[in-house]
Amino acid sequence: MKNSNYYRRKKKRQKVSQVKNYSWLTRLLLSIILILISLIITNFSPSLKQKYVTDLLNKNMSFTTLNKLYKKFIGNNKEPKEDLVANIDIKQPTYEKVDNSFKFTVGNEYPVPLLQSGIIVYLGDKDNLGNTAIIQGNDGIDIWYSNIDVTEYSLYDYVTKGSIIGVNRNDYYMLTIMKDDQSLDYEDYLA
């Protein structure tokens, strides 16, 4: 009976699950090795240390690029979340420019859909904009959704275009589009 097909399949499943249980340890060790190698290289060469400080520490980091590389070389064990998808068009007839942002006047508890796919790099209060979610897109453009309540997502979640990021708090929400610390026009971005 031990030589049956059922027993062999069960034994194979056990081996696969054991490998998956140790995959986080492998990822952790690879990350530690990469950090140690970068520290060793920067300690031996002052020019590389200066380049490391100016290029990596003083510039905005693209989390979406790092996420793509991580998934490509190390993999991803997370189950994808099911997103709430909007059946409405975000383009509203009434919006006005306020400083670097665009104020969209909508009804109460309006579901705010995403303009692009990307990673949530910030959740919290931002200056005078209120509760804000910043999504860093695959194209390097950051879109700030302000005056909204985000309940479904947390920091560093990947969200897809058209998903509902949250609902607005009052009768409006703010939208800010940034690339390399420069504000972009809403109409130009959509074009």
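To the nearest Å, what is the center-to-center distance of the range 98-118 and the range 21-42, using C-alpha atoms only?
Each part's Cα centre sits 40 Å from the other's.
For S163, list long-range residues whose amide hydrogen, built 1.01 Å from N in the peptide plane, is under 5 Å from its own amide hydrogen.
Distant-sequence amide H within range of S163: A86, L114.
In whole Hz and in residue order, list the ³J(HN,Hα) couplings for the range 36-48 that follow from phi through the Karplus curve 6.51 cos²θ - 1.76 cosθ + 1.60, θ = phi - 60°; x for Gly and Pro.
Listing the rounded values in order: 5, 4, 5, 5, 5, 5, 6, 6, 8, 10, x, 5, 5 Hz.
Among the listed pairs K97/K179; K68/K126; K51/K126; K103/K126; K97/K126, which are separated by more than 21 Å between their Cα atoms?
Numbers: K97/K179 17 Å; K68/K126 27 Å; K51/K126 31 Å; K103/K126 15 Å; K97/K126 18 Å.
The answer is K68/K126; K51/K126.
Provide the packing ranking of 25-33, 153-161, i.e. peptides ordered by the mean count of other C-beta atoms within 10 Å per residue, highest first.
Averaged packing, sorted descending, gives the order 153-161, 25-33.
To the nearest 20 debye, what is the magnitude of the charge dipole of the range 109-191 about its Cα centre, counting +1 on the Cβ of each Lys and Arg and -1 on the Cβ of each Asp and Glu?
180 debye
Per-residue HN-Hα couplings for the range 112-126, Karplus 6.51 cos²θ - 1.76 cosθ + 1.60 at θ = phi - 60°, whole Hz, x for Gly and Pro?
Working through the residues one at a time gives 8, x, 7, 7, 8, 7, x, 10, 6, 9, 8, 9, x, 7, 10 Hz.
Which value, to two decimals, describes the C-alpha radius of gyration of the range 95-190 once divided by 2.2 N^0.38 Å?
Ratio of Cα Rg to 2.2 N^0.38 Å: 0.96.
The numbers here are math on the coordinates, done by the rules we state, and not lab data. Just so it is clear, the structure is predicted and the values come from calculations on it, not from any experiment. Cβ: placed from backbone, ideal geometry, glycine included. Neighbour counts: every protein chain shown.
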